[in-house]
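Colleague: First, the structure itself, so that you have it in front of you.
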């Protein structure tokens with residue numbers, strides 16, 4: 001008690017201090033309780049899942065399977081909305097502008113993180129989105145038209161160096177995983193072929209089958225049936241280990257080019273500043289989805305290697321991919337329209 005202060009005033013001050021302490025503790029507990037309630041209640045209404053590619057692609061297939069799993073586990077509809085266009089940017093813009101409450105999600109292939117390095121977009125992948133989970137990775141498959149007299153990657157490289165005007169690459173689009181692999185292989189081996197960018201897998205594959213292009217590198221599931229039927233000759237897959245769906249096809253390392261293993265991957269994001277308890281729920285259920293036989297039976301034959309990562313691991317992986325693919329883009333001077 002300060003000298004000259006009455007006992008009554010001192011008592012009131014002490015009582016006020018105690019009330020403040022208890023009030024502060026109550027507010028903290030209320031906040032924790034509210035957070036727990038939010039997590040327990042999510043989702044309390046339908047969730048919109050925006051997919052940046054057309055129906056029928058592997059990205060769309062994986063997104064639908066995961067969304068169906070989430071719907072059944074969490075008790076609310078997870079409704080797919082395909083918003084294709086501009087290398088997945090139209091879908092990304094829609095999600096970036098949505099409320100960060102977990103009721104609008106983005107499911108996209110890995111070209112989503114590549115596109116901002118090739119064209120101006122009104123968002124920053126690292127700053128304007130919440131990484132939720134990486135579903136998995138699909139190795140690429142390197143195939144040639146049967147009329148190309150190359151049965152190995154090294155034979156293809158030799159042909160490309162000897163007469164580059166006779167061979168033409170086809171890619172599924174500027175900045176696609178296959179396009180970037182082509183640039184890496186060319187940079188490491190010293191040949192340069194014309195690369196024709198298509199608007200997706202189907203037109204590129206049609207021209208490969210028709211012999212209008214010589215070779216194509218694409219997510220494995222897009223070429224598996226053609227390999228089996230003999231309409232496209234496989235030269236390699238870009239995984240570190242051979243894949244069960246194509247056990248006789250060598251890896252790119254076995255083909256003589258170790259260090260070029262790569263793949264396309266598929267993942268989920270939300271708008272920035274999503275509640276971490278909601279992210280944790282989605283993490284948990286997506287990880288379970290990527291272990292579910294019903295999901296795996298559909299995607300593993302197409303080459304998908306399941307991951308189902310947590311948000312922190314996915315964010316670190318995303319940063320590594322942006323750095324790695326950015327180097328390829330700069331070294332090859334790739335731009336939209338090239």
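Colleague: Could you please let me know if residue 43 is part of a loop (DSSP other than H, G, I, E, B) and modelled with pLDDT of 95 or more?
Modeller: Details: part of a loop (DSSP other than H, G, I, E, B): yes; modelled with pLDDT of 95 or more: yes.
Yes; evaluated as a whole, the condition is true for this residue.
Colleague: Just a yes or no: is a residue in the range 94-105 buried (at least 16 other Cβ atoms within 10 Å of the Cβ) and closer than 22 Å to residue 292 by Cβ?
Modeller: yes
Colleague: Among the residues of the range 85-107, count how many are over 15 Å from the mean Cα position of the chain (by Cα) and within 18 Å of residue 61 (Cα to Cα).
Modeller: Summing the residues that are over 15 Å from the mean Cα position of the chain (by Cα) and within 18 Å of residue 61 (Cα to Cα) in the range 85-107 gives 1.
Colleague: Sticking with this structure for a sec: Restricting to the range 208-236, name every residue that is closer than 16 Å to residue 151 by Cα and in contact with a helix residue (DSSP H, G or I) (Cβ under 6 Å, 6 or more places away or on another chain).
Modeller: 216, 217, 231, 232, 234, 235, 236 - these are the residues of the range 208-236 that are closer than 16 Å to residue 151 by Cα and in contact with a helix residue (DSSP H, G or I) (Cβ under 6 Å, 6 or more places away or on another chain).
Colleague: Given the conditions (1) touching a helix residue (DSSP H, G or I) at 6+ places or on another chain (Cβ under 9 Å); (2) surrounded by 15 or more Cβ atoms within 10 Å (Cβ to Cβ), which single one is not true for residue 244?
Modeller: Evaluating residue 244 over (1) touching a helix residue (DSSP H, G or I) at 6+ places or on another chain (Cβ under 9 Å); (2) surrounded by 15 or more Cβ atoms within 10 Å (Cβ to Cβ) leaves (2) as the failure.
Colleague: If I go through the range 227-239 residue by residue, how many of them are surrounded by fewer than 17 Cβ atoms within 10 Å (Cβ to Cβ) and either touching a strand residue (DSSP E or B) at 6+ places or on another chain (Cβ under 6 Å) or not assigned by TED's automatic domain parsing to the domain that holds residue 214 (or both)? Give the derivation first.
Modeller: Looking only at the range 227-239, we keep the residues that are surrounded by fewer than 17 Cβ atoms within 10 Å (Cβ to Cβ), and these are 228-231.
Now narrow it down to the ones that are either touching a strand residue (DSSP E or B) at 6+ places or on another chain (Cβ under 6 Å) or not assigned by TED's automatic domain parsing to the domain that holds residue 214 (or both): none.
Counting residues in the range 227-239 that are surrounded by fewer than 17 Cβ atoms within 10 Å (Cβ to Cβ) and either touching a strand residue (DSSP E or B) at 6+ places or on another chain (Cβ under 6 Å) or not assigned by TED's automatic domain parsing to the domain that holds residue 214 (or both) gives 0.
Colleague: Same structure again: Could you look through the range 202-224, keep only residues that are in a helix (DSSP H, G or I), crowded, with 24+ Cβ neighbours inside 10 Å and touching a strand residue (DSSP E or B) at 6+ places or on another chain (Cβ under 7 Å), and pick out the one that is modelled with the highest pLDDT? So that I can check it myself, show each step before the final result.
Modeller: Let us first name the residues in the range 202-224 that are in a helix (DSSP H, G or I), namely 202-209, 220-222, 224.
Restricting the remaining residues to those that are crowded, with 24+ Cβ neighbours inside 10 Å gives 204, 208, 220, 222.
Add one more test, that the residue is touching a strand residue (DSSP E or B) at 6+ places or on another chain (Cβ under 7 Å), and what stays is 204, 208, 220.
Numbers: 204: 93, 208: 98, 220: 91.
Only one residue tops the list, namely 208.
Colleague: Can residue 151 be described as assigned to a loop (DSSP other than H, G, I, E, B) and at pLDDT below 95? Steps first, please.
Modeller: On the way: assigned to a loop (DSSP other than H, G, I, E, B): yes; at pLDDT below 95: no.
Taking the combined requirement at face value, the residue does not satisfy it.
The values are calculated or read from the model by the stated rules, or taken from the named source; none is laboratory data. This one's a predicted model, so the numbers in the text were calculated from it and none came from an experiment. Ideal geometry is used to build each Cβ from the backbone, glycine not excepted, and the neighbour counts take in all protein chains shown.
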